[in-house]
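Following: one structure in structure tokens, then a few remarks.
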Amino acid sequence: MQYRKFDKPGFECSTFGMGTMRLPLLKNPDGTTNYQNIDEKEAIRMIRYAIDNGVNYIDTAYDYHGGNSERVVGKALKDGYRENVKIATKLPPWHAKVYGDFDRLLNEQLSKLQVEYIDFYLLHSLSKGSWERLRDLGILEWLDKAVASGRICYPGFSFHDDLPAFKDIIDSYDWKMCQIQFNFLDEFEQAGAEGLKYAGAKGIPMVIMEPLRGGKLAAVSPDIQDLWNQAEVKRSPVEWAFRWIYNFPEVNVILSGVSTMEQLKDNIRIFQDATPNCMSQEELDLVKQVKSLYDSKTKIDCTACEYCLPCPSGVSIPEIFGIWNDASIFGITKDHYKQYSKLINEEKDAQQCVECGNCESACPQHLDIIDKLKIADKELRV
Ligand SMILES: NC(=O)c1ccc[n+]([C@@H]2O[C@H](COP(=O)([O-])OP(=O)(O)OC[C@H]3O[C@@H](n4cnc5c(N)ncnc54)[C@H](OP(=O)(O)O)[C@@H]3O)[C@@H](O)[C@H]2O)c1
Ligand code: SF4
Ligand code: SF4
């Protein structure tokens, strides 16, 4: 495992951080899964395996797996594991209506994690609007008090908005770390490479989320694979995606959400090589070509984060966009129609939408979900 120094706190963290938003799930008798039903035994085995193999940064959040991710992380960190890791978790701005909610939420999280303090405490998924609301509620004063009380060590934030909003937040407080979405498709999106370098130049440790665009960069169509095959050194699409990120010296930790032990082992192997400036110019040019091909085929930039769920009308938004993108990237087949027909039978299809707008205000990618659902429905309905 490679490590990079967090300048502000002054210690090193593993370049691979364990994300816990996509832990393995238990299967229902009919083969389906529920996002909140984590396969605890396997998840704990995976978290401990990661730590035993050098990972010392674990990322969770109040809402992941319907609140169960923090509980499972707490259990995994028993038996001496807590002492070997830094825990990052997040305050959900959407559950904080009054100043007193900050304390209530943090205390609940300490209790679910079964710890006395949290290393990195992030304001979750900040945008210009949620930042201004939290700031007006007194969050900065509260963060200082929470640090003084010893319940949190290093305040930070995670971010989903545009570059000006990012710079404004970065400049507003003495943040000890920051988490952004970053991968080769998003070099110029949200905070992007410019935001990464801006914060990095101020000595703020940078943690990366969605490095594989929620898994979308792992499965590739034949024409994208053909492009990857042109590289002199052969690597999997997952390895190229991670390498492109850890090539940036400003990156400290890359969070990987793994849903199986095989993925975890694969990523630990890939991160043995996680050194800055490891990509040649030819390799960087190849990634640019792959990005152009992806851009030309992607219908909608949904990362399947599920922040838009539950939809009050039951629309299975990320699933619909997943089928639609897959059909576009890999070519539409009977399978895509079949998957969408299943959603129609279960009344989870796009036509259930009553245009309430809840999903669009929750979506960190600011997608025009309502309009895109209508187009997806036209293309996938038989
Ligand atoms: N603060 C925020 O706003 C926010 C938002 C998003 C994420 N996060 C955090 O950042 C972490 C990382 O984001 P992410 O989970 O979206 O990461 P990601 O790496 O973009 O996507 C994870 C998915 O990639 C696939 N994958 C991972 N390793 C693989 C491998 N070796 N081979 C094949 N497929 C592989 C898996 O997909 P399948 O499960 O489909 O196989 C896995 O669930 C999260 O877990 C969470 O802790 C925070
Ligand atoms: S706008 Fe439509 S898809 Fe979005 S939450 Fe409302 S009903 Fe659901
Ligand atoms: S539509 Fe937006 S909020 Fe919903 S899963 Fe996709 S990216 Fe996430």
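At what distance in angstrom do the alpha carbon centres of segment 74-122 and segment 164-202 lie from each other? Computed from Cα coordinates, the inter-centre distance equals 24 Å.
Residues of segment 18-57 with an amide N closer than 17 Å to a point placed 7 Å from the Cα of Glu12 along the Cα-to-Cβ direction: 51-57. For segment 102-196, chymotrypsin sites (Phe, Trp or Tyr not before Pro) are listed when DSSP marks them as loop and at most 10 other Cβ atoms sit within 10 Å of their Cβ; the list is Phe188. The separation of segment 32-71 from segment 322-359, counted between C-alpha centres, amounts to 29 Å. In summary, the helical segments of the chain meeting the span-like criteria, namely a full DSSP H run, a Cα extent along the axis of 15 angstrom or more and a mean Kyte-Doolittle hydropathy of at least -1.0, are 40-52, 100-113, 281-297, 317-330, 369-380. Applying a 4.7 Å cutoff between beta carbons, the unpaired cysteines of the chain are Cys13, Cys153, Cys178, Cys278, Cys302, Cys305, Cys311, Cys353, Cys356, Cys363. Summarised as an ellipsoid, segment 6-159 has semi-axes of 26, 20, 13 Å, derived from the eigenvalues of the Cα gyration tensor scaled by 5 and square-rooted, with the largest first.
Entry note, the chain: the mean residue ellipticity at 222 nm calculated from DSSP H runs of n ≥ 4, each adding -39500 (n - 2.57), is -12500 deg cm²/dmol after division by the residues and rounding to the nearest 500. In the structure shown, the pairs Lys8/Lys128; Lys176/Lys202; Lys202/Lys288 are assessed against 20 Å; a Cα-Cα span above that value is assigned to Lys8/Lys128; Lys202/Lys288. A quarter of the convex hull surface defined by the alpha-carbon atoms of segment 317-380 gives 4.2 nm² as the mean projection.
Each peptide in 274-280, 245-251, 374-380, 69-75 gets a packing score, the mean of other Cβ atoms within 10 Å over its residues, and the list from highest to lowest is 69-75, 245-251, 374-380, 274-280. With each label modelled as a point 7 angstrom along the Cα→C-beta vector, the Lys234-Lys145 pair spans 6.1 nm. Taking the Cα centre of segment 202-309 as reference, the dipole from Cβ charges on Lys and Arg (+1) and Asp and Glu (-1) amounts to some 180 debye. Taking amide H positions as placed in the peptide plane 1.01 Å from N, state which residues far from Gly257 in sequence (5 or more) or on other chains have amide H under 5 Å from it. For Gly257, whose amide H was placed from the backbone, the distant partners under 5 Å are Gly19. Using every pair of distinct Cα positions in segment 186-286, the Kirkwood expression returns a hydrodynamic radius of 14.5 angstrom. Taking label positions 7 Å along the Cα-Cβ direction at both Glu379 and Glu42, the computed distance is 3.1 nm, reported to one decimal. Most simply put, the chain has about 15% antiparallel DSSP beta bridges, counting only bridges with both residues inside it.
When the inverse distances between all different Cα atoms of the chain are averaged and flipped, the Kirkwood radius reads 21.6 angstrom. GNM on the chain, alpha-carbon springs under 10 angstrom: the most fluctuating residue among Gly257, Gly19, Gly314 is Gly314. For the residue pairs Lys291/Lys334; Lys167/Lys378; Lys334/Lys374; Lys75/Lys297; Lys97/Lys338; Lys97/Lys265, the C-alpha atoms sit more than 31 angstrom apart in Lys167/Lys378; Lys75/Lys297; Lys97/Lys338; Lys97/Lys265. Of Lys167, Lys372, Lys41, the sequence from fewest to most neighbouring Cβ atoms within 10 angstrom is Lys41, Lys167, Lys372. Pairwise Cα distances in segment 9-74 exceed 17 Å in 44 percent of cases. The value obtained for segment 231-382, namely the Cα convex hull volume divided by the number of residues, is 147 Å³ per residue. Between Phe159 and Ser125, Leu126, Gln179, Gln181, the built amide H atoms are under 5 Å apart, and every one of these is 5 or more places off in sequence or on another chain. Applying the Karplus relation 6.51 cos²θ - 1.76 cosθ + 1.60 with θ = phi - 60° to segment 253-259 yields 3J(HN,Hα) values of 10, 10, 7, 10, x, 10, 10 Hz, where x marks Gly and Pro. Of Ala327, Ile317, Cys363, which is farthest on the positive side of the dipole of segment 317-380, counting Cα position, with +1 on Lys and Arg Cβ, -1 on Asp and Glu Cβ, and the Cα centre as origin? About the Cα centre, the residue reaching furthest to the positive side is Ala327. If you take the alpha carbon atoms of segment 81-237 and fit the smallest convex hull around them, that volume is 154 Å³ per residue.
Since every read-out is calculated from the coordinates, none of them should be taken as a lab result. Being a predicted model, the structure only gives us computed values, none of them experimental. Please note: Cβ atoms are built from the backbone with ideal geometry, for glycine as well, and neighbour counts cover all protein chains shown.
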